[in-house]
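Each remark here refers to the structure printed beneath this line.
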Amino acid sequence: MFNNRTSDGRNNICGVKIARLRKNLKISQRQLADNLQMINLDIDKNAIQRIESGQRFVTDIELIALAKVFNTTIAELLKND
């Protein structure tokens, strides 16, 4: 049977990287949500928290916006470090 979770039970593989990038920029989850809203992605602080903790799936539209805000590539967000 197909399992759409990571080996550690997370619903996404980019959440850990997103949290790391956000902390490197020294911005809060709310500030990240605000930055994403500035480029027309309707997302709030609670969604960011759930993405970073692996509780929430991430859409392709969100991945594009996150890559843009962090000035990186989607591939980099999805890369397992």
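What follows is calculated from the coordinates using simple rules that are stated; it is not laboratory data. Since we're looking at a predicted model, the values are computed, not measured. Here the Cβ is made from the backbone with ideal geometry for all residues, glycine too, and neighbour counts use every protein chain on show.
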Count of residues meeting criterion [over 20 Å from ILE13 (Cα atoms) and not in a loop (DSSP other than H, G, I, E, B)] in region 25-67
6
Could you list, ordered by first residue, the pairs with Cβ atoms under 9 Å in which the first is in region 1-29 and within 15 Å of THR72 (Cα to Cα) and free of Cβ contacts under 8 Å to residues at least 24 places away in the same chain and the second is surrounded by fewer than 15 Cβ atoms within 10 Å (Cβ to Cβ) and of a type in the set (D, E, K, R), at least 6 apart or interchain?
ARG20/ASP81
Given the criterion among the small types (Gly, Ala, Ser) and crowded, with 18+ Cβ neighbours inside 10 Å, identify the matching residue among ALA75, ALA33.
ALA33
Being of a type outside the set (Val, Ile, Thr), surrounded by 14 or more Cβ atoms within 10 Å (Cβ to Cβ) and on the phi > 0 side of the Ramachandran plot: is that true of GLY9 here?
no
For region 1-31, which positions are over 12 Å from the mean Cα position of the chain (by Cα) and under 18 Å from LEU41 (Cα atoms)?
ILE27, SER28, ARG30, GLN31
